[in-house]
Amino acid sequence: MSESQGRIGVVGSNMVDLVTYTDRMPGPGETIEAPEFELGFGGKGANQAVAASRLGSSVMMVTCVGDDMFGQQQIRNFQENGIDTSHVHRVEGKSSGVAPIFVEPSGENSILIIKGANASLSPDLVDQAAPALEGCDAILMQLEVPLAVNYHTIAWAASKGITTILNPAPASTELDVAQLAGLSFFCPNETELATLTGMPTDSDDDIIAAARNLIAQGIEQVVVTLGGRGARLVTAEKVEEIAPVKVAPVDTTGAGDAFIGSFAHYLASGADAPEALRKAAFYAATSITRRGTQKSYLTPEELERFSL
Ligand code: RIB
């Protein structure tokens, strides 16, 4: 059966990634030379939007850019990736979001974010986009914009029966679970799950107990990503194991976003959640075999040719 084209709304962030490839991280007070630097488009919201769009979903973005050179470039990048920019707002007097990123030879990354204009995204701007968002099969969110935006979007989407996916990254101790009632899919990693629930996540049983704690508070399903151990889909009734896909890492930056964006794409294209997650795990793995964030995301044709 061929997949139908889904429509996805992303209510979230965009950043310009300032990526330094370094042999090691400097210590306090130390200056070292790094061999390479690259500028790229990033931000968890934008990355997820690009992954879904590149796979063939119709994607709209609700986000804020600054009134600087980076803001213009972000809008052009969305357009070049086929993303609807009708609800991308330029905020006067604000800089665009930027993210200095350091990638070590192991492929591991360290990221700082400066939110800039992303901090100006508001529930009002979500309301302005509501008529367009109403036509979406799924709405994606992350935590690089004010929490009030996520709470408002989740409550509104739940009232319309629209599937919502929240990726609670970067982790925030301020996230209020009571405001997430009605959320369809909550997708933390094990550290984010522990931060949010205050419960241990050392074993599979711990993870399931912590996820079910969230489900008891009104979240429908929890997808816990476990790095090299794959992921677990936890519902009130069952637990589905999503096996890891092993590749040699080159750059892990944006792999989590590739996972979430492609999960939304596969779900909106008609796959059930376990199947969508298995395909997303494969898509995310392919992204870590290449450098960069958005530029590491494959098209369906490249995906077909990819062999492990
Ligand atoms: O998840 C990776 C992303 O985190 C980067 O693109 C960076 O911009 C930060 O938002």
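When you scan segment 12-104 for strands (runs of 3 or more DSSP E) that lie fully inside it, which ones turn up with 3 or more residues that are surrounded by 17 or more Cβ atoms within 10 Å (Cβ to Cβ) and among the aliphatic types (A, V, I, L, M)?
The strands (runs of 3 or more DSSP E) meeting that bar are 15-21, 58-66, 98-103.
Can you tell which of 154, 165 is in contact with a strand residue (DSSP E or B) (Cβ under 6 Å, 6 or more places away or on another chain) and assigned to a helix (DSSP H, G or I)?
Just a single option satisfies the conditions, and that option is 154.
Of all residues in segment 1-18, count the ones that are at pLDDT 95 or above and either closer than 16 Å to residue 291 by Cα or polar (S, T, N, Q) (or both).
Qualifying residue count, segment 1-18: 5.
Can we say residue 181 is hydrophobic (A, V, I, L, M, F, W, C) and at pLDDT below 95?
When the stated conditions are applied, residue 181 does not pass them.
Residue-by-condition table, conditions (1) surrounded by fewer than 24 Cβ atoms within 10 Å (Cβ to Cβ); (2) touching a Gly at 6+ places or on another chain (Cβ under 7 Å); (3) more than 19 Å from residue 168 (Cα to Cα):
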{"position": "252", "(1), (2), (3)": "yes, yes, no"}
{"position": "257", "(1), (2), (3)": "no, no, no"}
{"position": "261", "(1), (2), (3)": "no, no, no"}
{"position": "264", "(1), (2), (3)": "no, no, no"}
{"position": "270", "(1), (2), (3)": "yes, no, yes"}
{"position": "273", "(1), (2), (3)": "yes, no, no"}
{"position": "277", "(1), (2), (3)": "no, no, no"}
{"position": "282", "(1), (2), (3)": "yes, no, yes"}
{"position": "285", "(1), (2), (3)": "yes, no, yes"}
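Output the residues belonging to segment 120-141 that are of a type in the set (D, E, K, R) and surrounded by 20 or more Cβ atoms within 10 Å (Cβ to Cβ).
137
Exactly one condition in (1) under 17 Å from the mean Cα position of the chain (by Cα); (2) more than 12 Å from the ligand (Cβ to nearest atom) is false for residue 68; which is it?
Answer for residue 68: the failing condition is (1).
Give just the number: which of (1) of a type outside the set (Gly, Ala, Ser); (2) away from the ligand (no atom under 16 Å from the Cβ); (3) modelled with pLDDT of 95 or more; (4) closer than 22 Å to residue 284 by Cβ does residue 79 not satisfy?
Tallying (1) of a type outside the set (Gly, Ala, Ser); (2) away from the ligand (no atom under 16 Å from the Cβ); (3) modelled with pLDDT of 95 or more; (4) closer than 22 Å to residue 284 by Cβ, residue 79 fails exactly one: (4).
Tell me, please, whether a residue that is in contact with an Asp or Glu (Cβ under 8 Å, 6 or more places away or on another chain), more than 22 Å from residue 232 (Cα to Cα) and surrounded by 19 or more Cβ atoms within 10 Å (Cβ to Cβ) can be found in segment 174-196.
no
Output the residue which, of all residues in segment 105-115 that are in a strand (DSSP E or B) and near the ligand (Cβ under 9 Å from one of its atoms), is nearest to residue 289 (Cα to Cα).
109
Hey, does segment 98-117 have a residue that's farther than 24 Å from residue 258 by Cα, in contact (Cβ under 8 Å) with a residue 12 or more places away in the chain and basic (Lys, Arg)?
no
Could you identify the single residue in 33, 38 that is of a type outside the set (Val, Ile, Thr) and in contact with a strand residue (DSSP E or B) (Cβ under 6 Å, 6 or more places away or on another chain)?
Testing whether each residue is of a type outside the set (Val, Ile, Thr) and in contact with a strand residue (DSSP E or B) (Cβ under 6 Å, 6 or more places away or on another chain) leaves just 38.
Filter segment 223-274 down to residues that are under 20 Å from residue 307 (Cβ atoms), away from the ligand (no atom under 16 Å from the Cβ) and polar (S, T, N, Q), then give me how many there are.
Matching residues across segment 223-274 total 0.
Does at least one position in segment 198-217 carry a residue that is assigned to a loop (DSSP other than H, G, I, E, B), surrounded by fewer than 17 Cβ atoms within 10 Å (Cβ to Cβ) and among the β-branched types (Val, Ile, Thr)?
no
Quick one: is residue 175 outside any helix (DSSP H, G or I) and within 16 Å of the ligand (Cβ to nearest atom)? Give the derivation first.
Details: outside any helix (DSSP H, G or I): yes; within 16 Å of the ligand (Cβ to nearest atom): no.
No, not satisfied.
Of the numbered conditions (1) surrounded by fewer than 18 Cβ atoms within 10 Å (Cβ to Cβ); (2) touching a Lys or Arg at 6+ places or on another chain (Cβ under 8 Å); (3) touching a residue at least 40 places away in the same chain (Cβ under 8 Å); (4) not β-branched (Val, Ile, Thr), residue 243 satisfies every one except a single condition; which is it?
The single condition residue 243 does not satisfy is (3).
Which residue is surrounded by the most Cβ atoms within 10 Å (Cβ to Cβ), if the candidates are limited to segment 221-240 and must be touching a strand residue (DSSP E or B) at 6+ places or on another chain (Cβ under 8 Å), in a loop (DSSP other than H, G, I, E, B) and of a type outside the set (A, V, I, L, M, F, W, C)?
230
Among (1) under 21 Å from residue 192 (Cβ atoms); (2) in a strand (DSSP E or B); (3) away from the ligand (no atom under 14 Å from the Cβ), there is one condition residue 148 misses while meeting the rest; what is its number?
(2) is the only condition that residue 148 fails.
The values are calculated or read from the model by the stated rules, or taken from the named source; none is laboratory data. Computed from a predicted structure; not experimentally measured. Methodologically, a virtual Cβ is constructed for each residue, glycine included, from the backbone with ideal geometry; neighbour enumeration extends over all protein chains shown.
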